[in-house]
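So the structure is just underneath, and the comments pick up after that.
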4 protein chains.
Amino acid sequence: MLYFENDYCEGAHEAILKRLLETNMEKVPGYGQDPYCDQAKEKIKAACGCTDGEVYFLVGGTQTNAVVIASMLNRYEGVLSAVTGHVNAHEAGAIEFTGHKVLPLPQKDGKISAADLKNYLETYYADGSYDHMVFPGMVYISHPTEYGTLYTRQELEDISGVCRKYEIPLFLDGARLGYGLVADTDVTLKDIAKYTDVFYIGGTKVGALCGEAVVFPKKAPKHFFTMIKQQGALLAKGRLLGIQFDALFTDNLYLEISKNAIDTAAKLKSALKEKNYQFFLDSPTNQIFVVLENQKMEELGKKVKYGFWEKYDDNHTVVRFATSWATKMEDIDALIEIL
Amino acid sequence: MLYFENDYCEGAHEAILKRLLETNMEKVPGYGQDPYCDQAKEKIKAACGCTDGEVYFLVGGTQTNAVVIASMLNRYEGVLSAVTGHVNAHEAGAIEFTGHKVLPLPQKDGKISAADLKNYLETYYADGSYDHMVFPGMVYISHPTEYGTLYTRQELEDISGVCRKYEIPLFLDGARLGYGLVADTDVTLKDIAKYTDVFYIGGTKVGALCGEAVVFPKKAPKHFFTMIKQQGALLAKGRLLGIQFDALFTDNLYLEISKNAIDTAAKLKSALKEKNYQFFLDSPTNQIFVVLENQKMEELGKKVKYGFWEKYDDNHTVVRFATSWATKMEDIDALIEIL
Amino acid sequence: MLYFENDYCEGAHEAILKRLLETNMEKVPGYGQDPYCDQAKEKIKAACGCTDGEVYFLVGGTQTNAVVIASMLNRYEGVLSAVTGHVNAHEAGAIEFTGHKVLPLPQKDGKISAADLKNYLETYYADGSYDHMVFPGMVYISHPTEYGTLYTRQELEDISGVCRKYEIPLFLDGARLGYGLVADTDVTLKDIAKYTDVFYIGGTKVGALCGEAVVFPKKAPKHFFTMIKQQGALLAKGRLLGIQFDALFTDNLYLEISKNAIDTAAKLKSALKEKNYQFFLDSPTNQIFVVLENQKMEELGKKVKYGFWEKYDDNHTVVRFATSWATKMEDIDALIEIL
Amino acid sequence: MLYFENDYCEGAHEAILKRLLETNMEKVPGYGQDPYCDQAKEKIKAACGCTDGEVYFLVGGTQTNAVVIASMLNRYEGVLSAVTGHVNAHEAGAIEFTGHKVLPLPQKDGKISAADLKNYLETYYADGSYDHMVFPGMVYISHPTEYGTLYTRQELEDISGVCRKYEIPLFLDGARLGYGLVADTDVTLKDIAKYTDVFYIGGTKVGALCGEAVVFPKKAPKHFFTMIKQQGALLAKGRLLGIQFDALFTDNLYLEISKNAIDTAAKLKSALKEKNYQFFLDSPTNQIFVVLENQKMEELGKKVKYGFWEKYDDNHTVVRFATSWATKMEDIDALIEIL
């Protein structure tokens, strides 16, 4: 069986495991106060060009979204997100569980536009009874999006401009950020630090056992540490996160290993094009969405694990093939042969 | 100045005030345990044909929606509502404040359809990872809707059928229920009790100073009383609500006074048609939505208070004229003259 | 049967009903934007000596506590309260429902002391891991307390001093404030406005049908109006609250009618002393707590309704007799005869 | 510097790291659906003698408490806990953040008694207005407690008996369960499974990098999986938890490595007794609490890291020495020399 179901089916990159082993019996303080966390934070801030910022390590993606959003919103505010955004669609109501509404925005290929955002805000404040509604208090975007697509630098700048005009923070979910940074893009880590107010660098899907690095390019909300604990997201052995991110941000490992996902995805895309498969949309990163005739899909399912995405029509389904830092080119070849 | 801004700009029907005066110095237990509450509950259950059901009195509409929904949902569930539903759009996030997501459904003239509901539920459960999402745990409809429209008996039966198949309760928001019952409709109070699992009979907008009567045709959730208190919705002097609903459900007062809103609205609609005003939609109840050219709207605003509803296009706006139990026909005449 | 069960068993003072009748058919804006609310607010601010402050009207006591506390706390904060405080003991967890912990302080006769408060705060911040605990973010006191006792001006000043040193707001629950102000006390409404950051003037228990006036001597939290709505506490016909408080703060009515509760309670206390009843504690206001032998209590229960308070020992119980603005001296005489 | 600050300052037991390495590149499903989780669950259920039960893996202790409690309580219920219980005192309000009150019970050496519990419940239901208060919906105990003490089997049986009489679940927090099971005790894992309704087996403090195994001896709450996700506690790479617990429950490793903490603690306690140190209380497990004169404490602090526990009096402080699965006997010897 070939596995292209998701980008988190293996363990961790060997460099990470090596560091965990080497440091295992050192005695260090808990809750992220250890030297490995410190060191990793400095490396991340340097890579992001925000040495005066703050970095916190959390365990997983939904958790990170819920902690960041619930910590930055005032209680009368909700978070704006593409209707297809992970926080709106796939997190079991984790945001609402903290008392906040997700305010859906139109999307195209998983992305929102500065124009739609501006229109939403203008319309909201033009309504005479806006104080009977949920205040838009934050903008959430993902990069890559849930559809593997990327914002351009100009798009980020424009969205950021609207946010700053309305004084609401911009939050970028980077669960798969590594794959976004090494794809065909003009957006760098420093751009992201420049245009957003908070973002996270995904570890779980890019080589770590677990862990997401939340970066506040300027300043974290007051008592963010306590709010992490309050949401049950504070790891006692914070070293587990610090050591992993320290390894990932040493010698450019994070970006280096991300390239493998892009290279393997590129080869797969070429083959799919050649074989005239119908793409659901054009994704420049490690997720490939194709429309399969249902019977074809079922047959394929006997040999390959893929992600079932959504119904396309009565006879067709959108499926996802995901590559990762760990995908072997030989598995791509095997898949191509089957297709 | 003429007032057609809303249906809650006067105090209460005189029969209610009379009863409040007559009973004022009687000493009765608090928290809805008084004989007036008991008596009103019996009359309401009789009118609804559900003498084995339960009735509770709450103070206002948003409060009632939040208490009912948060009491009936399991914590992993959200409530399905038309995207234009009051709970989704105009309650400052009161539902989300209790931890639950509002799951938007498509709407037409403020109404959802059984087909769309069925499609939502089928699609939800067909998704292999539905347990990563918010379970649809309840259906919210309003009748009349936020646009003054009404479900037919068949539509109610169909929606109810889908709910029962999926074992999720159907909740009908009757903030303006009186006006819905005396309009041109085949839906009676008994039909509503038959097809829903909980609904409320609006007092605030239909002759009372405040108060909504929540009816559970079969059974209230366990410890509903305590949950009312927990949400700060329990009135110490529950008599205030009991006496009002007792008056409203004596000698058919509730429906009698509702007719005035329909009659006055009908006259206004005729005149608007005659004068070739553009209706935004066709509402059979006490809310009339017309599309006005912006300059016309502003001029009108000097003599009449109306509700600003939404932007129609750059030059036009949708405004609402609302009549009520208290609207005088002479004010309608005066308005028609101005139009 | 004689009623001394509580201070909310009658309707409203006749002056209030009169005003409700007189203004009933006037058409005014909703949600507290009407002239009666405006007028009542000005009168209240004048009476409190804080003409630059803000006043909001809410419906009931538990609701007011929940709305005020949840609006003023940061999400990582809890509210300090006497362990016997209403918010800790008798509100069905309404504060916790909004996500905040009630942090219990020791009490004596229902009151906290500045010394205990200071000690709590010092100990809290002396703990090296205080950021793993709930930040003390507000102090809640009631005046009169749940036991009818009163703070002296000096005690209020001292508690206020500790709060200001630690920059946490002081909130005074005045559900029975009228009775506290006309008892034997050196505390005035202006003192309360001076020493607290927010307090409320209870209407429900002091002559109104419902309603509590929340006073922010300086400034309300940002978007307090929206948070009222978000918690389902915004009354559509806000006039109902405005008109009542306008009446209560016209010609000193609020204090005038409060005196009756104190006068009737004083007479009852004298008689109880004379008859050698055991007082549970010495309350200067309208609530009298006596320890009754259980059989005596049961016999009394055939002729008088009182409040069952708490078990004293296996053979005795603490019961409460409450007087109010509406208590008739002849009922006191009748009660004394029975005792 | 010697480290006795806590029991989570090292990484993981080598057997765990070995298994993580061996399985690292295997491709397995996410979210705990992998074969290692399955296998670990079976081993745990066998060890607990509840093969029909359910096991779930969560990441940390506060998270586990918050997820379990918030999933098992009805929304009108709170959780009973010793006033010193971790959920009441040291979790930043994580339980209240989910909307539930922690109802404090008296404690002795960190333990509650069946008698106090029974008394609380009897008093609660004897109060005529109990439905205005928070329903006691669950009992939380820790074993070992926050003070390292243990319940006897009889005590557990008695507490369990009260819970079952009142039909409220008993939850045992076993963050340090291993140390409790191998200490001088008559309580086995099977006893715990017999007397509780849910408990967890702590990994973080007993040899794992992270992870707690929640055991429902009978049945988990409906949709527990979704509620884990809703609280941000679902690990994408669930294998990380499954592999660790699989290792810990293979060849009795969990109990084997726990013994080291007890053996090293025993030696330290002997030496402390010999040197006439004052014990704050008598703990049979891996946490030792002694009362130190403040100056002595400070001097000691130059050579040893210990836990600052609480102020004892103006001149003395309670400090904690913690041993663990990883503590070396030579470090104990070194500490004894310093004392």
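The values are calculated or read from the model by the stated rules, or taken from the named source; none is laboratory data. All figures in this text were calculated on a predicted structure; none of them were measured in a lab. A quick note on method: Cβ atoms are made from the backbone with ideal geometry, for glycine too, and the neighbour counts reach across all protein chains shown. The protein model used for the area step is the full one, side chains on, heavy atoms only, and it has no ligands, DNA or RNA in it. Shrake-Rupley method; radii C 1.70, N 1.55, O 1.52, S 1.80 Å.
Count the DSSP beta bridges whose two residues both fall in chain A, then state the antiparallel fraction as a percent rounded to the nearest 5.
Working: 24 of 43 bridges.
So the antiparallel bridges amount to about 55 percent of the total.
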Using a 1.4 Å probe on the protein heavy atoms only, what accessible surface does B:TYR312 show? Give it in Å² to the nearest 10. 100
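With a 1.4 Å probe, how much accessible area is buried between chains B and C, both sides summed, in Å² to the nearest hundred? Walk me through the numbers before you get to the answer.
Details: alone 15610 and 15650 Å², together 27010 Å².
Approximately 4200 Å² gets buried when B meets C.
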Within 11 Å, Cβ to Cβ, of A:ALA12, how many net charges do the neighbouring residues add up to if Lys/Arg are +1 and Asp/Glu are -1? +2
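Please average, across the residues of B:9-18, the number of beta carbons from any other chain that are within 10 Å of each residue's own beta carbon, and give a whole number. Spell out each step's value before the answer.
On the way: counts 10, 8, 13, 6, 1, 3, 0, 1, 4, 1.
Mean partner shielding for this stretch: 5.
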If you count, for every residue in A:75-87, the Cβ atoms of partner chains within 10 Å of its Cβ, what is the mean? 3
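Quick check: with the 1.4 Å probe, what order do C:TYR179, A:TYR8 take by accessible area, largest first?
On the way: C:TYR179 0, A:TYR8 25 Å².
These residues rank, largest area first, as A:TYR8, C:TYR179.
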Karplus (6.51, -1.76, 1.60) ³J(HN,Hα), θ = phi - 60°, over region A:221-230, in Hz, Gly and Pro reported as x: x, 4, 6, 4, 3, 5, 5, 4, 4, 4
Scalar couplings 3J(HN,Hα) for region B:17-29 by Karplus 6.51 cos²θ - 1.76 cosθ + 1.60 (θ = phi - 60°), nearest whole Hz, x for Gly and Pro, are 4, 4, 5, 4, 5, 4, 9, 3, 8, 5, 9, 9, x
Counting only residues 5 or more places away or on other chains, whose amide H sits under 5 Å from the amide H of D:LEU103 once H atoms are built in the peptide plane? D:VAL79, D:LEU80, D:SER81
Percent relative contact order of region D:14-252, based on C-alpha pairs within less than 8 angstrom and at least six residues apart? 32
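Classify chain B from the C-alpha gyration tensor, please: rounded if a/c falls under 1.5, else prolate or oblate depending on whether a/b exceeds b/c.
Since a/c reaches 1.5 but b/c is at least a/b, the shape of chain B is classed as oblate.
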Given points 7 Å out from each Cα along the Cα-Cβ axis, report the B:THR188 to B:ILE338 separation in nanometres with one decimal. 4.0
Amide H neighbours of A:GLU310 under 5 Å, counting only residues 5+ apart in sequence or on other chains, H built in-plane at 1.01 Å? A:VAL318
All other residues with a Cβ under 14 Å from the Cβ of C:GLY178 taken together, and with Lys, Arg as +1 and Asp, Glu as -1, what is their net charge? -2
Distance in Å, no decimals, from the C-alpha centre of region B:160-219 to the one of region A:67-118 is 32
Please list, or write none, the aspartates and glutamates whose alpha carbon is within less than 20 Å of the alpha carbon of A:LYS303, excluding same-chain residues fewer than 8 places away. A:GLU5, A:ASP7, A:GLU10, A:GLU293, A:GLU330, A:ASP331, A:ASP333, A:GLU337, D:GLU26, D:ASP34
Check which residues have an amide H placed less than 5 Å from D:LEU2's amide H, if you skip close sequence neighbours. D:VAL304, D:LYS305
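Please tell me which of these pairs span more than 27 angstrom C-alpha to C-alpha: A:LYS101/D:LYS229; B:LYS275/C:LYS229; B:LYS311/C:LYS229; C:LYS41/C:LYS259; A:LYS108/A:LYS302? List each step's numbers first, then the result.
Working: A:LYS101/D:LYS229 17 Å; B:LYS275/C:LYS229 39 Å; B:LYS311/C:LYS229 24 Å; C:LYS41/C:LYS259 23 Å; A:LYS108/A:LYS302 33 Å.
Too far apart for the 27 Å limit: B:LYS275/C:LYS229; A:LYS108/A:LYS302.
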Just for the protein assembly as shown, what percent of DSSP beta bridges are antiparallel, to the closest 5? 55
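When DSSP assigns beta bridges and you keep just the ones with both residues in region A:95-200, what percent turn out antiparallel, to the nearest 5?
Values: 1 of 8 bridges.
Counting only bridges with both partners in region A:95-200, antiparallel ones make up about 10 percent.
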Of the heavy-atom accessible surface of chain C (probe 1.4 angstrom), what whole percent is carbon and sulfur? 47
Karplus-derived 3J(HN,Hα) from phi for region C:93-104 (6.51 cos²θ - 1.76 cosθ + 1.60, θ = phi - 60°), whole Hz, x at Gly and Pro, runs x, 4, 6, 4, 4, 8, x, 10, 8, 8, 9, x
Using a 1.4 Å probe on the heavy atoms of the protein chains only, list every residue of region A:124-138 that has 50 Å² or more less accessible area in the complete assembly than in its chain alone. A:ASP131, A:HIS132, A:MET133
Over chain A, with a Gaussian network built from C-alpha contacts below 10 Å, which listed residue (A:ASP127, A:ASP158, A:ASP173) shows the highest mean-square fluctuation? A:ASP127
With springs only between Cα atoms under 10 Å, which of C:HIS132, C:HIS223, C:HIS100 fluctuates most in a Gaussian network model of chain C? C:HIS132
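When Cβ neighbours within 10 Å are restricted to other protein chains, what is their mean count per residue of peptide A:62-68? Provide the component values of the computation, followed by the final result.
Working: counts 8, 8, 1, 1, 4, 1, 0.
Mean number of neighbouring Cβ atoms from other chains: 3.
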Heavy-atom accessible area, 1.4 Å probe, ligands and nucleic acids excluded: residues of region A:220-247 down by at least 50 Å² from chain alone: A:HIS223, A:THR226, A:LYS229, A:GLN230, A:GLY232, A:LYS237, A:LEU240
So which lysines can D:LYS273 reach, going by Cα to Cα under 19 Å and dropping same-chain residues fewer than 8 places off? D:LYS296
Residues of region A:288-316 with amide N under 17 Å of the 7 Å Cα→Cβ point at B:THR123: A:308-316
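Report the net charge of residues surrounding D:LYS237, where surrounding means a beta-carbon distance below 12 angstrom and charges are Lys +1, Arg +1, Asp -1, Glu -1. Please list the in-between numbers first.
Numbers: positive: A:LYS205, D:LYS27, D:ARG239; negative: A:ASP7, A:GLU10, D:GLU26, D:ASP34.
Residues close to D:LYS237 contribute a combined charge of -1.
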Taking a virtual spin label 7 Å from the Cα of B:GLN39 along the C-beta vector, which residues in region B:208-230 bring their backbone nitrogen under 20 Å of it? B:208-214
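Where only protein heavy atoms count, and the probe is 1.4 Å, what is the accessible area per residue for chain A in Å²? Walk me through the numbers on the way to the answer.
Values: 12060 Å² over 339 residues.
Per residue, chain A has an accessible area of 36 Å².
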